[in-house]
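Here's the structure we're looking at; comments come further down.
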Amino acid sequence: RALSHDSPIHAVFSHDRPDCFNHTFIGHNDEKINIGKSDRMALQIIWEKYTPSFWFSGHYHYPAHGIHNGKTEWTICPAIGLNERFLKPYGYTIWNGKEILRY
């Protein structure tokens, strides 16, 4: 259904992220490398067709961000509040339509 969209897509909000984004699996995320592989591959196809400027996901709950291929600024949004496993407060992510603000 997403691939039938004919106009440009500027931002994507998804649970997982495309497989091409260079994200290191950290700590409790190690086991997630094989979970959702088919979902990440499907999201990869969406990225290849639309190359949006921004991509937000949250599956890993550990804050990370980068730029893929100089085209897409991606952000893995953190869990909000105190994460008992890492014992540090997490922040939040705001996208104002032009830039990403991380706290």
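List every residue pair whose Cβ atoms sit under 8 Å apart, with the two residues 6 or more apart in sequence or on different chains, where the first one lies in segment 61-79 and is within 10 Å of residue 21 (Cβ to Cβ) and the second, anywhere, is in a strand (DSSP E or B) and acidic (Asp, Glu).
Between residues of segment 61-79 that are within 10 Å of residue 21 (Cβ to Cβ) and residues that are in a strand (DSSP E or B) and acidic (Asp, Glu), the close pairs are 65/73; 66/73; 67/73.
Could you list all residues from segment 50-79 that are closer than 13 Å to residue 11 by Cα and open to solvent by 60 Å² or more (accessible area, probe 1.4 Å)?
Result: 71, single match.
With the condition kept exactly as written, say whether any residue in segment 76-97 is at pLDDT 90 or above and assigned to a strand (DSSP E or B).
no
Being at pLDDT below 80 and either open to solvent by less than 90 Å² (accessible area, probe 1.4 Å) or aromatic (Phe, Trp, Tyr) (or both): is that true of residue 34 here?
Spelling it out, it is not the case that residue 34 is at pLDDT below 80 and either open to solvent by less than 90 Å² (accessible area, probe 1.4 Å) or aromatic (Phe, Trp, Tyr) (or both).
The values are calculated or read from the model by the stated rules, or taken from the named source; none is laboratory data. Everything quoted here is computed from the prediction, not taken from an experiment. Every residue, glycine as well, gets a Cβ built from its backbone with ideal geometry; the counts of neighbours run over all protein chains shown. Quick note on the areas: whole protein, heavy atoms, side chains included, nothing else; ligands and nucleic acids left out. Shrake-Rupley method; radii C 1.70, N 1.55, O 1.52, S 1.80 Å.
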